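Read through the structure below, which is laid out as structure tokens, and then see the notes.
The values are calculated or read from the model by the stated rules, or taken from the named source; none is laboratory data. Being a predicted model, the structure only gives us computed values, none of them experimental. Methodologically, a virtual Cβ is constructed for each residue, glycine included, from the backbone with ideal geometry; neighbour enumeration extends over all protein chains shown.
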Amino acid sequence: MTTDEATPQAAKPFGTGAMKTIEIERKFLVRNDDWRASVTSSHEIRQGYLTRGRENSVRVRTVDGLSARLTVKFGKRGLSREEYEYDIPYAEAVELLSHAIGGIVEKTRYTVPHRGVVWEVDVFGGRHDGLTIGEIELNSEESNPSIPKWLSREVTGDKRYSNRSLATSTLAIALNAGSPATTTARQKPSGSYQD
């Protein structure tokens with residue numbers, strides 16, 4: 001694997017204007033706090049969803065109480081989906097969030113480099129307080145990044161762990177790697193675990 005194969009293409013800096021991408025991501029529950037020693041940045045995020053379609057979504061996100069984005073995502077094929085993002089005025093985003101379906105997802109997103117690629121670790125607050133998810137956005141579905149030991153079970157494709165489900169579901173999910181109430185081995189991670 002080359003570093004380019006796992007370079008996060010959608011880990012865009014906040015406030016970069018309009019952008020169309022193909023989002024290809026993998027998500028994992030986080031096993032422990034070992035990742036915290038490698039954090040290079042963090043952002044406070046609030047987000048909500050304005051639609052409830054099966055595969056398509058319109059998301060409003062504020063970042064650090066200063067900037068905002070509107071994101072439109074279309075149908076998932078494998079790990080991939082089309083994504084369009086637009087910077088919008090912060091005040092308008094706050095107003096749009098008041099129209100969100102379900103609740104507002106609150107999380108702190110940490111940037112964590114590991115073996116030449118960048119992982120994002122989301123630590124959720126609010127009604128999902130305690131949930132921590134690590135994700136990586138890839139340039140191709142064939143990418144096989146090194147999986148850090150601080151990650152646990154892969155939840156890619158498990159809709160319960162999508163941000164949209166977390167915002168719109170009426171049930172809070174059980175948290176992280178050890179909860180027998182909701183954890184089933186849906187997918188076996190294909191990457192190799194490394195430290």
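Of note:
- Candidates Ser165, Ser169: the one that is small (Gly, Ala, Ser) and under 19 Å from Glu23 (Cα atoms) is Ser165.
- Condition check for Glu106: in contact (Cβ under 8 Å) with a residue 60 or more places away in the chain, under 21 Å from Glu23 (Cβ atoms) and acidic (Asp, Glu): no
- Residue ID - surrounded by the fewest Cβ atoms within 10 Å (Cβ to Cβ), chosen from residues in segment 110-133 that are of a type outside the set (D, E, K, R), assigned to a loop (DSSP other than H, G, I, E, B) and within 17 Å of the chain's Cα centre (by Cα): Gly130
Here is a yes/no grid of residues against (1) buried (at least 16 other Cβ atoms within 10 Å of the Cβ); (2) not in a strand (DSSP E or B):
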{"site": "Thr108", "(1), (2)": "no, no"}
{"site": "Glu135", "(1), (2)": "yes, no"}
{"site": "Ser140", "(1), (2)": "no, yes"}
{"site": "Leu166", "(1), (2)": "yes, yes"}
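- Top-ranked residue of segment 28-63 - restricted to ones that are assigned to a loop (DSSP other than H, G, I, E, B) and either of a type in the set (Asp, Glu) or on the phi > 0 side of the Ramachandran plot (or both), ranked as nearest to the chain's Cα centre (by Cα): Glu55
- The C-beta contact set for segment 61-85 (first residue in contact (Cβ under 8 Å) with a residue 40 or more places away in the chain and over 20 Å from Arg26 (Cβ atoms), second residue among the aromatic types (Phe, Trp, Tyr) and outside any strand (DSSP E or B), distance under 6 angstrom, 6+ apart or interchain) comprises Val63/Phe14; Ser67/Phe14.
- Of residues in segment 64-91 being part of a strand (DSSP E or B) and of a type in the set (A, V, I, L, M), the one surrounded by the most Cβ atoms within 10 Å (Cβ to Cβ): Ala68
So that you can scan it fast, the table gives a plain yes or no per residue for (1) at pLDDT below 90; (2) over 15 Å from Arg46 (Cα atoms); (3) of a type in the set (A, V, I, L, M):
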site	(1), (2), (3)
Glu95	no, no, no
Ser98	no, no, no
His114	no, yes, no
Glu120	no, yes, no
Thr132	no, yes, no
Ala177	yes, yes, yes
Gln187	yes, yes, no
Gly191	yes, yes, no
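- Within segment 1-48, the set of residues being among the aromatic types (Phe, Trp, Tyr) and modelled with pLDDT of 95 or more comprises Phe28, Trp35.
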